[in-house]
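K.L.:
First the structure, then my questions, so here it is.
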Amino acid sequence: MKRFSVKHTALLLIFSVLLSAGAGCGKGNRSEKAIVGILKIVSHPVLDAVEKGILDELNEEGYSNITFDLQNAEGNMNEVAAIAQKFRAEQVKIAVGIATPCAQALRNNLKDSVVIYTAVTDPVDAGLVKSLAAGEKKVAGVSDMIPVKDQIELLKKIKDIKRLGYIYSNSEFKSAALLKMVRKACYALEIELVEATVTKPSEVRRAAESVAGRVDAFYLGTDNIVAAAIGAVVDAADKNKIPVMTAEPGSAEKSGVLAAWGLDYYKTGRMTGKLVARILSGERPENIPAIFMTEPSDVDLLLNLDTAKKLGLTVSEKLISQAETVIRDGKIEKK
């Protein structure tokens, strides 16, 4: 969107200013050989985009001698722990955890490597750092905190909502933080929240079907397990002629959701790559505050007018003008 008016982002603006502290490090040794391990909880477009952003940024920074160990836990927490042990045995210089479970496992298992968290909503509640104002001795990272209340308000501009469906994973720490935000937003907006929990992507379809007939719309946050099965939610919503809004534009173009408003996760990956480069250049993690994506260009709005038409909904021209991506007549229009 052209504007990112989020009422709860005062802290984010403070920390985006703090981000500049210590950013003037030297270039460091680009030819230094090092192993960088990258672990993601599951493969889906959003987390894949983070991973690609990291690799592209470090390639452009000129770190040609880095050996990357790219790992995907496929949603299996036992595999997350096993990969963390693998990174420790390899003595990776930097271990990047994409999503909270991965970052936590790396934080708990690696004592001699720097751990970089990314796509983590609340690093303090997750136990990764004690404060947003600084990292730890070997821990720093990038948050993907999202404007939940603003997102749900945007959905209400398209359809009057009395009951909202929300599916989340109870196996991801970040989901608990998001759930609090969703409950608070719905209370403030006088919307009844209908919840369903899952532990793995294969459970999403049944959860969606159990909720779809009782709500006016679905809202999906940045839960990685649910995002990996977003098609199942859209199928259940279509059968009941209700819209779906997601906080992940990166996975929305082909999913059939009505709207998606959230971070550009490729840019999140690029920011994470810059942070890795700062550490490789000698900057101390404990001097780096939590990084938030607060620039207007970091946030994208997608509107699917074909889905709106199918559901008999009208999207205002004002809202359409604010979208970076519009799907209309089967075509994807980028601004």
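K.L.:
Filtering the range 207-264 down to residues that are modelled with pLDDT of 95 or more and acidic (Asp, Glu), which residue is nearest to residue 305 (Cα to Cα)?
P.N.:
238
K.L.:
Can you say whether residue 202 is closer than 24 Å to residue 105 by Cα, modelled with pLDDT of 90 or more and more than 19 Å from the chain's Cα centre (by Cα), as far as the supplied structure shows?
P.N.:
Taking the combined requirement at face value, the residue satisfies it.
K.L.:
Do we find that residue 237 is farther than 23 Å from residue 322 by Cβ, in contact with a Phe, Trp or Tyr (Cβ under 7 Å, 6 or more places away or on another chain), in contact (Cβ under 8 Å) with a residue 24 or more places away in the chain and not aromatic (Phe, Trp, Tyr) in this structure?
P.N.:
Considered against the rule, which asks whether it is farther than 23 Å from residue 322 by Cβ, in contact with a Phe, Trp or Tyr (Cβ under 7 Å, 6 or more places away or on another chain), in contact (Cβ under 8 Å) with a residue 24 or more places away in the chain and not aromatic (Phe, Trp, Tyr), residue 237 comes out as yes.
K.L.:
Inside the range 286-302, can you point out the residues that are more than 21 Å from residue 317 (Cα to Cα) and hydrophobic (A, V, I, L, M, F, W, C)?
P.N.:
Answer for the range 286-302, where residues must be more than 21 Å from residue 317 (Cα to Cα) and hydrophobic (A, V, I, L, M, F, W, C): 288, 290, 291, 292, 293.
K.L.:
Please indicate, with yes or no, whether at least one residue in the range 149-156 is over 27 Å from residue 314 (Cβ atoms) and either in contact with a Ser or Thr (Cβ under 6 Å, 6 or more places away or on another chain) or not aliphatic (A, V, I, L, M) (or both).
P.N.:
no
K.L.:
Exactly one condition in (1) surrounded by fewer than 18 Cβ atoms within 10 Å (Cβ to Cβ); (2) out of contact with any Ser or Thr (no Cβ under 6 Å at 6 or more places or on another chain); (3) polar (S, T, N, Q) is false for residue 104; which is it?
P.N.:
(1)
K.L.:
Please go through the range 128-145 and give me each residue that is farther than 24 Å from residue 90 by Cβ and surrounded by fewer than 22 Cβ atoms within 10 Å (Cβ to Cβ), ordered by number.
P.N.:
Within the range 128-145, 130, 131, 132, 133, 134 qualify.
K.L.:
Among the residues of the range 279-333, write down those that are more than 20 Å from the chain's Cα centre (by Cα), surrounded by 14 or more Cβ atoms within 10 Å (Cβ to Cβ) and of a type in the set (Ser, Thr, Tyr).
P.N.:
Answer for the range 279-333, where residues must be more than 20 Å from the chain's Cα centre (by Cα), surrounded by 14 or more Cβ atoms within 10 Å (Cβ to Cβ) and of a type in the set (Ser, Thr, Tyr): 281, 307.
K.L.:
Specify the residue that is farthest from residue 97 (Cα to Cα); the eligible residues are those in the range 35-50 that are over 11 Å from the mean Cα position of the chain (by Cα) and of a type in the set (Gly, Ala, Ser).
P.N.:
Among those that are over 11 Å from the mean Cα position of the chain (by Cα) and of a type in the set (Gly, Ala, Ser), it is 43.
K.L.:
Would you please name the residue that is nearest to residue 267 (Cα to Cα), looking only at residues in the range 282-307 that are out of contact with any Phe, Trp or Tyr (no Cβ under 8 Å at 6 or more places or on another chain) and in a strand (DSSP E or B)?
P.N.:
Only one residue tops the list, namely 303.
K.L.:
Look through 65, 59, 108 and report the one residue that is touching a helix residue (DSSP H, G or I) at 6+ places or on another chain (Cβ under 8 Å), among the polar types (S, T, N, Q) and more than 18 Å from residue 224 (Cα to Cα).
P.N.:
108
K.L.:
Here's something else I'd like to know. Taking interchain pairs and intrachain pairs at least six residues apart, which have beta carbon atoms under 7 angstrom, with the first residue in the range 78-92 and within 27 Å of residue 199 (Cβ to Cβ) and the second of a type in the set (Ser, Thr, Tyr) and surrounded by 14 or more Cβ atoms within 10 Å (Cβ to Cβ)?
P.N.:
87/113
K.L.:
Are any residues in the range 151-172 hydrophobic (A, V, I, L, M, F, W, C), crowded, with 20+ Cβ neighbours inside 10 Å and farther than 14 Å from residue 227 by Cα, and if so, which ones?
P.N.:
Result: 152, 155, 158, 161, 164.
K.L.:
Moving on. Restricted to the range 44-75, and to residues that are at pLDDT below 90 and of a type in the set (S, T, N, Q), which residue is nearest to residue 253 (Cα to Cα)?
P.N.:
64
The values are calculated or read from the model by the stated rules, or taken from the named source; none is laboratory data. Please read all numbers here as calculations on a predicted model, not as lab measurements. Don't worry about glycine lacking a Cβ; one is built from the backbone with ideal geometry, like all the others, and counts go over all protein chains shown.
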